[in-house]
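Below is one structure, written out as structure tokens, with a few remarks after it.
Here, each number is a calculation from the coordinates, and none is a lab measurement. This is a predicted model, so every value here is computed, not measured. Quick reminder, even Gly has a Cβ in these numbers, built from the backbone with ideal geometry, and neighbours come from all protein chains shown.
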Amino acid sequence: MNQRKSKLILILIIPLVMASWIVAYSLASGPIITDEGLEAAIRLEINYEKGEIRPDQLVDIQSLRIRGAGIESLDGIQYMTSLVSLDLRDNEITDISLLADLTRLQELNLRGNQISNIEALAGLTSLRDLNLRENQIDDISPLRGLYLLEDINLRYNRIENIEVLGELESLRQRLYLEGNPIEDYSPILPILLDIDDHDVDVEADFFNV
């Protein structure tokens, strides 16, 4: 009799435990995108008007352009591992750490945000075009090793040391540095004349240093 009771109890308990696990997981995981502006733009991109967005719906997105949407959080963007081009110009972003795994990115526009730390870019070795204009960046050393970079806009930040730029062998299309407290331009002297478009006055800023 006791054995039968034990089996009956187990039969009743197991479904309850499993149901509890499912509910707990659902509550713990929650939505993967927390920013309303980012969510709205992604829904348009994947043509998904209602329902919770799943990670598998994001992995095939290759290009995303969301300007002036008031985006603050990038939660969920880490699942977009196929992204090649990302334009988040003129938002309210401060933390870009979730971009670290988007290693296929070739074009990245973060102009007009509130970014100060760009360490997440250190491993994005496929980057060719980078726009960081009008942020609060003072350290660009994470760009060291991004040897495919051809076009960089760093205008109006807080950058003083540009030594790393002299190591970027592919930097030949554009280099904008205006609006930074830079006093020593000598690190880029060997490559400056080979750059098609730059805003540095060679005579004034180099030969008079």
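Here are the numbers for this structure:
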| read-out | value |
| --- | --- |
| Principal axis dimensions, the range 56-205 - Cα atoms, whole angstrom, descending | 53, 26, 21 |
| Given charges at Cβ of Lys, Arg, Asp, Glu: the range 56-205 dipole, positive-most of Leu110, Leu168, Asn180 | Leu110 |
| Per-pair calculated FRET efficiency, R0 = 25 Å: Asp101 and Asn47 via Cβ, rounded to 0.05 | 0.50 |
| For the range 56-205, size of Cβ-based charge dipole, Lys and Arg +1, Asp and Glu -1, in debye | 480 debye |
| Calculated from backbone phi, Karplus (6.51, -1.76, 1.60) coupling profile of the range 173-188 in Hz, x at Gly/Pro | 8, 8, 9, 10, 10, 3, x, 10, x, 8, 10, 10, 9, 4, x, 9 |
| Cβ crowding within 10 Å averaged over residues, with 107-116, 179-188 ranked highest first | 107-116, 179-188 |
| Residue-wise HN-Hα coupling along the range 43-57, computed from phi with Karplus coefficients 6.51, -1.76, 1.60 (Hz; x: Gly, Pro) | 4, 5, 5, 9, 6, 9, 6, 10, x, 6, 6, 9, x, 5, 7 |
| Neighbourhood charge, 13 Å Cβ-Cβ cut-off, centred on Gln106 and excluding it, Lys, Arg +1 and Asp, Glu -1 | -3 |
| Cα centroid separation - the range 130-209 against the range 28-103, whole Å | 29 Å |
| For the range 56-205: relative contact order, % (alpha-carbon pairs under 8 angstrom, 6 or more apart) | 14 percent |
